[in-house]
Amino acid sequence: MIRVSPRSSGRVRPSGSGLEVAVWYVMRLTGVGLFVLALAHFSILHFVFDPAEQTAEFIATQRWNQLIWRALDWLLLMMVLFHGFLGMRIVVVDYVRGGTARLLTLSFLYMLAVLLFVLGTVVIVTLPMPGSAR
Amino acid sequence: MPSAPALLQRFPRLASGGDAHREVLMNVLRYRGREGMVAWAFHRISGVGIFLFVVLHVIDIYLVGGDPRAYNELLAFYASVPGRFLEVLLGAALLYHALNGMRIIIIDLWPTMTAYHRQIWWASWVIFVAVGVPGAAIILRPIWLPILRGIGVA
């Protein structure tokens with residue numbers, strides 16, 4: 001069971017200097033990054049633009065027509081994958097008790113993370129950028 | 001808070017169910033979750049919800065290159081009335097998780113802030129409402145604007 005601080009309600013920082021401490025810091029660093037990137041992403045696509053205008057053509061010609069937007073969205077993807085999957089790992093370790101069941105669930109989780117990394121990276125890198133000098 | 005024997009007297013049938021029952025009952029009665037416990041439960045629920053959407057969202061954005069027509073169909077659902085209510089729910093989960101996450105980080109990095117953990121928790125709800133209500137209104141605009149126009153207000 002993950003020990004939770006009764007005050008901050010975050011995880012108690014693991015003692016020692018191993019992998020778990022690194023994970024604890026990664027959750028907080030990506031958390032700060034996502035505070036900016038994820039909220040900005042949601043705001044741009046719901047308040048600046050509206051879902052009604054977001055066709056595949058809109059993504060190619062407006063949303064991702066500059067390298068900076070693709071780079072920022074790829075950075076968001078990386079942060080959300082680390083934060084999301086390390087977070088889900090904590091949930092799985094909390095609720096899936098059996099050794100085999102936990103191993104299978106975590107294996108599925110990590111394979112899903114790799115799949116999402118590949119899908120997201122492929123579309124950001126390969127989607128043609130109309131009007132660019134490429 | 002009442003003493004343990006007094007609490008047990010309120011639940012005579014459970015209390016007479018043997019030591020195991022007694023222990024479970026005592027744990028339930030003793031457990032008094034307050035702000036920190038609610039914050040933790042909401043953080044976990046919103047986190048899992050956002051995670052599930054991220055899985056869907058990475059797959060749907062892949063379709064922009066892989067199958068643009070399927071992407072357009074899905075985005076038409078996002079723009080529909082039920083889709084917009086789900087987006088408000090997603091935005092609420094995102095905003096809560098972001099604000100509570102900052103609260104966790106603040107208290108983790110500056111333990112002296114622990115003295116104000118309850119105030120920070122309520123401040124995060126003030127921000128949640130102040131940002132969330134206008135945000136929800138913008139997302140739901142295609143739903144309420146025609147109604148206002150219909151009755152001649154807008």
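Taking residues in segment B:108-119 that are open to solvent by less than 80 Å² (accessible area, probe 1.4 Å), and partners anywhere that are of a type in the set (G, A, S), the pairs with Cβ atoms closer than 6 Å and at least 6 places apart or on different chains are B:D108/A:S8; B:D108/A:G10.
Among the residues examined, A:L76 does not qualify as free of Cβ contacts under 8 Å to residues at least 60 places away in the same chain, closer than 14 Å to B:V54 by Cα, facing chain B (nearest Cβ under 8 Å) and part of a helix (DSSP H, G or I). Restricting attention to segment A:51-73, the residues that are assigned to a loop (DSSP other than H, G, I, E, B) and more than 24 Å from A:G33 (Cα to Cα) total 2.
Each row is one residue, and each column tells you yes or no for (1) within 24 Å of B:G91 (Cα to Cα); (2) in contact (Cβ under 8 Å) with a residue 12 or more places away in the chain; (3) open to solvent by less than 20 Å² (accessible area, probe 1.4 Å).
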site	(1), (2), (3)
A:D50	yes, no, no
A:I59	yes, yes, yes
A:L81	yes, yes, yes
A:R89	yes, yes, no
A:V92	no, yes, yes
A:F108	no, no, no
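Taking the criterion of being in contact with a helix residue (DSSP H, G or I) (Cβ under 8 Å, 6 or more places away or on another chain) and within 10 Å of chain B (Cβ to nearest Cβ), the residues of segment A:79-108 that qualify are A:V80, A:L81, A:H83, A:G84, A:F85, A:G87, A:M88, A:V91.
When each of A:G120, A:G98 is tested for being out of contact with any strand residue (DSSP E or B) (no Cβ under 6 Å at 6 or more places or on another chain) and open to solvent by less than 30 Å² (accessible area, probe 1.4 Å), the lone residue that passes is A:G120.
Filtered by the rule that a residue be more than 14 Å from A:F42 (Cα to Cα) and charged (D, E, K, R), segment B:79-124 gives B:R103, B:D108, B:R118. Of all residues in segment B:109-154, which are modelled with pLDDT under 95, facing chain A (nearest Cβ under 10 Å) and under 19 Å from the mean Cα position of the chain (by Cα)? Hits for segment B:109-154 are B:H117, B:R118, B:I120, B:W121.
Given the condition without any contact (Cβ under 8 Å) to a residue 24 or more places away in the chain, in contact with a Phe, Trp or Tyr (Cβ under 8 Å, 6 or more places away or on another chain), closer than 30 Å to A:V91 by Cβ and more than 7 Å from chain B (Cβ to nearest Cβ), answer yes or no: does some residue in segment A:22-44 qualify? No.
The values are calculated or read from the model by the stated rules, or taken from the named source; none is laboratory data. Please read all numbers here as calculations on a predicted model, not as lab measurements. Positions of Cβ are backbone-derived with ideal geometry, glycine not excepted, and every protein chain shown enters the neighbour counts. Protein only, heavy atoms only, side chains kept; ligands, DNA and RNA dropped before computing areas. Shrake-Rupley method; radii C 1.70, N 1.55, O 1.52, S 1.80 Å.
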